[in-house]
Each structure stands twice: as C-alpha cells, then as structure tokens.
Amino acid sequence: LSEGSRPAGIAVLDRLASGLERMLEMVNFIVLLIMIAVVTAGVFSRYVLNDALSWSEEFALWGFTWLIFIGTAIGIRKGRHVSVDLLLDLSDGNTRRFLLFLRDSLTALAIVTLALSGWQLSQMVGGY
C-alpha cells in the first residue's frame with residue numbers, strides 16, 4: 001500500500017517505528033564509540049601504566065551484547081538478515097504469502113524460545 005492509501009493509524013505506527021529505528025541506530029553507534037574508547041583506555045592502562053582497569057572487559061562484554069540485540073532488531077525490521085530466497089523467487093501469489101508467513105512465524109518461534117531459555121538460564125545462574 002502506498003503512504004496515501006494506508007489507514008491513518010497504520011501510518012502513525014509506521015512513523016513511530018521509523019523514529020524508534022533511527023533512535024536505536026544512534027544508540028548502537030554511541031555504544032560502539034564508547035566501547036572503542038573504553039577498550040582503548042583499558043589497553044593503554046594495562047600496557048602503558050601497568051595498572052589494568054577492572055571494569056573495561058565487563059563493559060565491553062555488555063556493550064557488545066547490547067550491540068547484538070539492538071542490531072538484530074534493526075536487521076529484522078529492515079529485512080537485512082541472511083536468507084535463502086530461492087523458494088520465494090520461484091513462487092508467487094498465495095504460495096509466496098504463505099512462505100513469508102511461515103518464515104516470519106518460525107522466526108517468532110525461535111525468538112520466543114531463545115527468550116524463554118534465556119530467562120530460565122538467568123533464574124538458574126542468578127539463584128533467585
């Protein structure tokens with residue numbers, strides 16, 4: 001559907017999603033810059049000052065984790081993840097719509113499974 005033929009509510013949600021996407025891209029960029037600065041400071045501190053920063057490695061680990069999470073969300077929104085399009089290219093109409101639905105459903109199932117497994121793991125490791 002073109003922008004003019006969409007219902008007003010959908011157009012508003014699409015603009016909100018685009019704004020959120022731009023904000024997340026900026027957050028990822030800022031996190032990456034801070035990670036570069038922290039890791040550089042950690043290396044300088046360890047090898048030049050002979051006194052390692054105790055928190056730089058953990059910050060880099062958490063920063064990289066959030067880069068992955070946010071980058072994955074952006075990649076899903078933009079459709080930039082690796083995929084095999086052979087069946088989609090060979091199909092059309094209802095078959096293509098079904099394959100797209102199946103792909104999206106399996107992706108959602110994988111995300112929910114990973115989230116639930118991560119929650120269970122955090123409960124076991126966290127001891128709560």
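Simple spin-label model, 7 Å along Cα-to-Cβ: Val112 to Val31 in nm?
2.5 nm
So if the hydrodynamic radius of the chain is defined as the Kirkwood radius over C-alpha pairs, what does Stokes-Einstein give as its diffusion coefficient at 4 °C and 1.567 mPa s, in µm² per second?
D = 69 µm²/s.
Would you calculate a helix-derived [θ] at 222 nm for the chain, using -39,500 (n - 2.57) for each DSSP H run of n ≥ 4 and dividing by the full residue count, to the nearest 500?
One gets -28500 deg cm²/dmol as the mean residue ellipticity at 222 nm.
Hey, can you find the accessible area per residue of the chain for me, probe 1.4 Å, expressed in square angstrom?
81 Å²
Label Ser18 and Ile68 with points 7 Å out from Cα along Cα→Cβ: what is the distance between them in nm?
3.2 nm
So if each residue of separation counts as 0.36 nm, and I subtract the Cα-Cα distance between Phe59 and Trp119, what length gain in nm does that give?
Stretched out fully, the Phe59 to Trp119 stretch lengthens by 19.5 nm.
Share of the stretch 37-95's accessible area from carbon and sulfur, percent, 1.4 Å?
Accessible surface attributable to carbon and sulfur in the stretch 37-95 totals 64 percent.
The values are calculated or read from the model by the stated rules, or taken from the named source; none is laboratory data. Computed from a predicted structure; not experimentally measured. Cβ sites come from the backbone with ideal geometry, for glycine too, and all protein chains shown count toward neighbours. Just the protein is used for accessible areas: all its heavy atoms, side chains included, with ligands, DNA and RNA removed. Shrake-Rupley method; radii C 1.70, N 1.55, O 1.52, S 1.80 Å.
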